[in-house]
Structure formats: C-alpha cells, structure tokens
Amino acid sequence: MEPTTLFDKIWDAHVVSKIEGGPSVLYIDRHFIHEVTSPVAFSGLEGRGLKVFRPENTVATPDHNVPTLNQHLPIREELSRKQVETLTANCERHHIPMYGLSHKWHGIVHIIGPELGITQPGMTIVCGDSHTSTHGAFGSIAFGIGTSEVEMVFASQCILQPKPKKMRINVEGKLAKNVTSKDIALYVISKISTSGGTGHFVEFAGSAIRSLSMEARMTLCNMSIECGARGGMIAPDETTFAYLKGRQEAPKGADWELKLAEWKKLKTDDHAVFDTEYTFDAADITPMITYGTNPGMGVGVEGSIPTGDNLTGSDKATFLKSLEYMGFQPGEKLKGKKIDYVFIGSCTNGRIEDFRLFAEYIKGKQKASWVTAWIVPGSKKVEQQIREEGLVEIMESAGFALRQPGCSACLAMNDDKIPEGKYAVSTSNRNFEGRQGPGARTMLASPLMAAAAAVSGVISDPRE
Amino acid sequence: MAIDKFHKIISSAVPLPIENVDTDQIIPARFLKAVERKGFGDNLFRDWRYGKDGTPNPEFVLNNPKYSGKILVAGKNFGSGSSREHAAWSVYDYGFRVVVSSFFADIFKGNVLNNGLLPVQVSEDFLTGMFESIEKNPVASFEVDLENQTIRNVSLSTEFKFDINPYKKECLLKGYDDIDYLLSMKTKIEAFELNEK
C-alpha cells in the first residue's frame, strides 16, 4: 500500500462521497458553536423547516461577547446580551448541550473542548471560528468554517470541502529555556508569511514538537491559521493519551482500550509525500514579539524591525502603512519600548500552563505602575486551577487581578478594549489593525514575554 | 436559501491596492453582534471608511465619488484571518458581486462562494494592469464571464482565464446552494453513520 499521511488517513475515513471534479461530502464528528457565528445559521435552518440533524454531536458555549467581570449579573450591553440569549434559546429549541455562563465548565470553546475530553484523536471537528485549528493538537482534523457551513453541519452533520494540500513543518532539536510553543508559532509564521500555508493543512512534526506538552501543542496548532493554513495537527502519542485519560467525555473502561488501539495507528507513514515541507532548527528560535499588523511581522526580542529597503511597490506601501499604524520606524529596536497594557488569555494562551509561566516569572516582583494588565483565564476550570494552585495570591501581591473567562481583549467584542494608540503586549493570536479596539497597537508574544513586559513596563527579554 | 445566479458582469471597479487585507478590516468584530443577516454593507471597511466621530473619511476609496462599480479589486492575500462570514456578507451587501485579487485566504474564498459573490484570482501582472487602468480612467470597464472563466480588461484589451472549482461554478451559474445538495445525500449520510458505529 502507498504510504499516506496522518491527514489523509483521517480525511479519507470521513468522506461520505465525492463530487466528480468537486468537493467531498465530509462527515463531521464534533461541531462546536458559539453566539457570534451561529444565529444566522439557526434562522437559515429553521427557514427551511429543518431541525439540527445530530444535536448530540454539537456543543455550545457563549465566549466571544461575555464580560470578564461580574458574570453573575445580566450582560449590560444589549446586543451582546441578545446574542447570548439567542444562543441559549436556539440550543434549547434544538436540544444542543450548552455550557452557559453560569455552568461550572463554561469557557472559550477551544479551551473547554479539549479540557472536557470532547476533542479526541482521529476526529473531524469544525466550528464557526478560525481558531478551531487548536483541536488539531490531538491528531484530529479541525478547522474553522463560515456561517453557511455551520448551517450545512446543522442540516446534515456534513460539510462540502475540497481536500486541501498537505504541508509538514518539522522543528528539530531542543528549545532553549524560556522559549515556548508561542515563540515557535510566531517564528514559523515570520519565516513562511501569513499566506505561506494557504491551501494546505499542516502537520507539525520533529523532536522539538514531540517534546511539547498538550497545552503547548494546542497553542501551536491554534496559530496555524495565522500562516493561512486551514489547520494544523500533531500525531497523537503518549502525551496525548495521558492528557485525555479520565476526562469527563473521554472514553472509559473497555471503550478506552478500544479507542486507544485505534489512536495508536494515527501517524504519517514513513516516505509519505507532502506537497510542501519545511524544516526548522529549534536552536534558532528565541522569544518572539510582533512589531506590525499581521502575525507574520515578528522578530526575536533582541532583533530590530526590518528596514524594508528590499521591498518595492505595494509590498513597501503595505509595510510602511503597518509601521505607521504601530507608531514605529523601520530598523528600530523593540527592546526597551514602553508599553501600556498586557493581556494574558485567549484560546491561544489561556490555559493553566500559561498562567503558571506568568506567575512564576512575576513572583516576588511588582507590576510596573503605568501598565494595565488583564489576566483572563480561558475557562472556569482554568480559573479554579489558578485559585487552587495559589497563583492568585502570587498575582495579587505583585499587583495583578484575575478576571473571569472569555475571549476578552483578543477581539474586544466585550468591554475589554485597548484604547486608541496604546501599546499592548498580548498573548492572543492577531495583531490586526483595531483587533483589540479601534486604534489599539498590539504586539503578540508568549505569556513569559508578557510577564516580563508587565513587570518592567517595557519590552524586555525574559531570559535576562 | 438559494443564492443569486451569476453569469456575466460588465462594470467599472473600485481599487483597494493594499495587501493582506484581513477580515477584521473588512468588518471589525464590534459589528458582528447582529443576530440577523442585514445591513452589514454599512460597516464594510468601517475603520478605514469613517473617522472616530462617524464622518466619512474623504481619503478612503469608497468615499471617493470617482470610483464605483460591482467589482472590488484588492491587493494580494485578501480576506485573511477570522472565519467570520459577515465579511462576505458586508462585501455583498455593499453591492459588489466580484472580488479580484492575486491571492485569497481559504476560508474567505469559501465564504464568498457560498454567498453568490465571485472570487477571481488573477496573476500579479493582470492585477497591476487593472490598478493602472483604473488610475488612468476611474470608470475603466472590466468584463467578468463565469461561463468562460474569463476576466477582460477592456482598456488594455487583455484577458485572464481564472480557475474555479467546476462544482462551485455550476452552483453559481444555477443559483444552487450546498445545503440543497447535502439534504439530497441524507440516505448516504445515514448509511455512513451506521457503518461507522
């Protein structure tokens, strides 16, 4: 038999049929939904007189709009409240399990799926959210979809998709101390650009990837969309199985053993061919930070903003427009630049390990007086862990306060907006113009870089 | 809901020669709070199009009366970032029926096709030619023919043959949407589920 990739194995096992010269009808195992991209799909479905075909394979949580303070009170902003209420009503009408604001397992959709064991190896997973790629960390095919496609999955538990090309990104060797998987992600995107992965599904491989924890793998796969890829995945291994075992929705008993045997087969065969392949050396990666308005515009913390001298035409105009927005000059050093805000959280870096890293760094230090810090756990479970492990005390004595779970300042749909012109070091995923609020200037980085910036009040190297 | 049929469009075009236009620029997140699909065109390119006080920014192309038409021409890697279909809705609701670029982000491309909006991917050279023609003559005409998969720059008499998935082409020509097709597959889908269990 011809050697095949992990991606091929999972994709091919989910093809119900293929349209000649067209897309495949792909069966979807898990459909996550949230309040922003589902209401029009529900009304479209109901307009056709249909019910959700497989509500038991659907999971809902409101996350994009929710406040991160006083969640026990009604949401003040009318439109946000209406979206959350609409999701609740739609889920009740269609019998979809929902982890609402008052639920003990509430959180960001890409945090709660894995932590509840809903996300499992070999699955196909979709959600009307581009960071669905997060779930690929378990060796599943997970990708973001539009609202029309959400309606397709509601109606048929399937989606029409052309099969993407395959890319493998190998990271070999050992990561230096204080270099995280967020740094790997920003490094790779700075090398292959925000469109380098377009049309492809990425498998991350190599010794540096194998050594990552599940949470670190999720951060990396989460960011795969930022290089333009449909998604990213990592073959499941003992790290994956150990993470899953015993979680609420993970298989139990004899069923676990059966599944485990299947999951162990999920890997790319030797000599399988990828359309595109890159290999990077882990030793070349240092703590990264972005200086521009897309996630590909990143450099090592000791580096400088490119001069742009080699650019011409619209490339140059786009580069200069981006720096103008950020208030930076070509060729400038970033280290030592004063910052105003720090945001720790989001589906990229809102898990317990991220808060442990942050707390360990700031322990015994003090937040810079001019910095406003928003510390936002990805879920209620993460919040609970932070409290149980005594991290709240560490944060409070250093001048930081913990908020409640949600997407928060990552996309600023709630009240957590970075003011115009202010600099924010954010552990989230996008530094687009206005992403964290109109006129906000976002610099993407790891939780450790964010911790160093929060304490010193300027861009700093956490290795010092 | 069936989509509008698409055959041929002859129109002037609106130029946006900026690269990597992400969906947060096409429609910022704070305008995604509606629970119905209407009025998104008003907020297309909101933060480029309007000042902080809500007054139109005269520098932005959509506020320049010289430019109009059903074709939006943008720099490479258009539509990157968030999967929000609101981006496709806002471009369509504004009145565009074709978006031309030298490169499109995947999710955005899928979303526009599901809404009767045609993404036309052209070469860098052809795109540059379009921008130059519009600069010389803001009402320069372009002809987009889906049946023949061609886009013609009338002023330069140049033509580009673009790619489109044959299934999606058929859907656009006939105004079919994917859900009609998927519903017709129900028996097969149920058989697939049984086989899996």
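The values are calculated or read from the model by the stated rules, or taken from the named source; none is laboratory data. Since the model is a prediction, treat every value here as computed from it, not as a measurement. Counting neighbours? That spans all protein chains shown, and the Cβs are built from the backbone with ideal geometry, glycine included.
A search for C-beta distances below 7 Å between a residue of segment B:1-29 that is closer than 23 Å to B:SER155 by Cβ and any residue that is of a type in the set (Gly, Ala, Ser) and part of a helix (DSSP H, G or I), counting only pairs 6+ apart in sequence or on different chains, returns B:PRO17/A:SER314.
So that you can scan it fast, the table gives a plain yes or no per residue for (1) charged (D, E, K, R); (2) modelled with pLDDT under 95; (3) not in a helix (DSSP H, G or I):
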residue	(1), (2), (3)
A:PRO405	no, no, yes
A:ALA424	no, no, yes
A:ARG435	yes, no, yes
A:MET449	no, no, no
A:ALA453	no, no, no
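Need at least 3 residues that are within 22 Å of B:ASN20 (Cβ to Cβ) and more than 8 Å from chain A (Cβ to nearest Cβ) per element, so show me which strands (runs of 3 or more DSSP E) inside segment B:100-197 make the cut, counting only ones lying wholly within it. Ranges flagged: B:118-121.
Tallying residues that are out of contact with any strand residue (DSSP E or B) (no Cβ under 8 Å at 6 or more places or on another chain), modelled with pLDDT of 95 or more and more than 9 Å from chain A (Cβ to nearest Cβ) within segment B:15-39 yields 2.
On the stretch given as segment A:404-434, residues that are more than 13 Å from chain B (Cβ to nearest Cβ) and surrounded by fewer than 24 Cβ atoms within 10 Å (Cβ to Cβ) total 3. Restricting B:ILE164, B:ILE151 to residues that are crowded, with 20+ Cβ neighbours inside 10 Å and either among the acidic types (Asp, Glu) or farther than 21 Å from A:SER314 by Cα (or both) narrows the list to B:ILE151.
Given the criteria out of contact with any strand residue (DSSP E or B) (no Cβ under 8 Å at 6 or more places or on another chain), more than 10 Å from chain B (Cβ to nearest Cβ) and either farther than 30 Å from A:GLY437 by Cβ or not aliphatic (A, V, I, L, M) (or both), does A:LYS82 qualify? Criteria not met by A:LYS82.
Of all the criteria given as (1) within 20 Å of A:GLN436 (Cβ to Cβ); (2) of a type in the set (A, V, I, L, M); (3) surrounded by fewer than 19 Cβ atoms within 10 Å (Cβ to Cβ), the one not satisfied by A:LEU334 is (3).
Conditions (1) within 11 Å of chain B (Cβ to nearest Cβ); (2) part of a loop (DSSP other than H, G, I, E, B); (3) under 23 Å from A:VAL52 (Cα atoms); (4) of a type in the set (A, V, I, L, M), marked per residue:
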| site | (1), (2), (3), (4) |
| --- | --- |
| A:ILE118 | no, yes, yes, yes |
| A:PRO121 | no, yes, no, no |
| A:VAL126 | yes, no, yes, yes |
| A:SER133 | yes, no, no, no |
| A:PHE143 | yes, no, yes, no |
| A:SER148 | yes, no, yes, no |
| A:MET152 | yes, no, yes, yes |
| A:ALA155 | yes, no, yes, yes |
| A:LEU160 | yes, no, yes, yes |
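Evaluated against (1) hydroxyl-bearing (Ser, Thr, Tyr); (2) under 24 Å from B:GLU36 (Cα atoms); (3) under 19 Å from the mean Cα position of the chain (by Cα), A:SER156 falls short on exactly one condition, (3).
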